[in-house]
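Reading through the structure tokens given below for one structure.
Quick note: the coordinates plus some simple rules give every number you see, no bench work behind them. Being a predicted model, the structure only gives us computed values, none of them experimental. Every residue, glycine as well, gets a Cβ built from its backbone with ideal geometry; the counts of neighbours run over all protein chains shown.
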Amino acid sequence: MKVLVVDDSGVMRKIIIRSLNAVGVNDVVEAADGQEGFNLFQADQFDLVLTDWNMPVRSGLEFVKDIRASGSKVPIMMVTTEAQKSQVIAAIQAGVTDYLTKPFENDTLRAKLDKYVVVG
């Protein structure tokens with residue numbers, strides 16, 4: 001399984017990647033904003049995308065819309081501090097498959113990943 005992690009915080013990318021590694025996902029590519037993430041997405045095949053909402057250059061919401069406009073059905077999890085109901089609805093309408101609010105416990109991320117991660 002190959003996962004793309006897009007977040008402008010290097011620390012948060014490391015936390016997410018560590019959690020992915022803990023459930024057996026070691027093929028992880030990272031990007032610092034939605035534009036870099038979309039460039040990587042277009043250049044490779046991913047089984048899951050995890051993205052932040054608030055990022056410079058191109059937001060996570062714009063990134064999600066770009067992925068869906070490309071015709072891809074890849075599962076996308078929004079991992080963000082944005083937790084207002086209207087924002088969750090906007091993310092789902094844009095094509096987000098799942099939503100995780102920061103800060104999160106590793107167990108919570110693992111439980112969500114279990115829906116998408118096929119290890120082995």
Mean shadow of the chain, computed from the convex hull of its alpha carbons, in nm²? 6.5
Label point 7 Å out from residue 105 along Cα-to-Cβ: which residues of the range 5-41 have amide N under 20 Å? 15-24
Paramagnetic reach from residue 47 (point 7 Å along Cα→Cβ, amide N under 12 Å) across the range 76-120: 114-120
Per DSSP loop assignment and a cutoff of at most 12 other beta carbons within 10 Å, the chain keeps its longest run without exposed trypsin sites (Lys or Arg not before Pro) at 1-72
Restricting to Cα pairs below 8 Å that are 6+ residues apart, what does the relative contact order work out to for the chain? Please round to a whole percent. 26
Roughly how many Å is it from the Cα centre of the range 52-120 to that of the range 1-38, as a whole number? 12
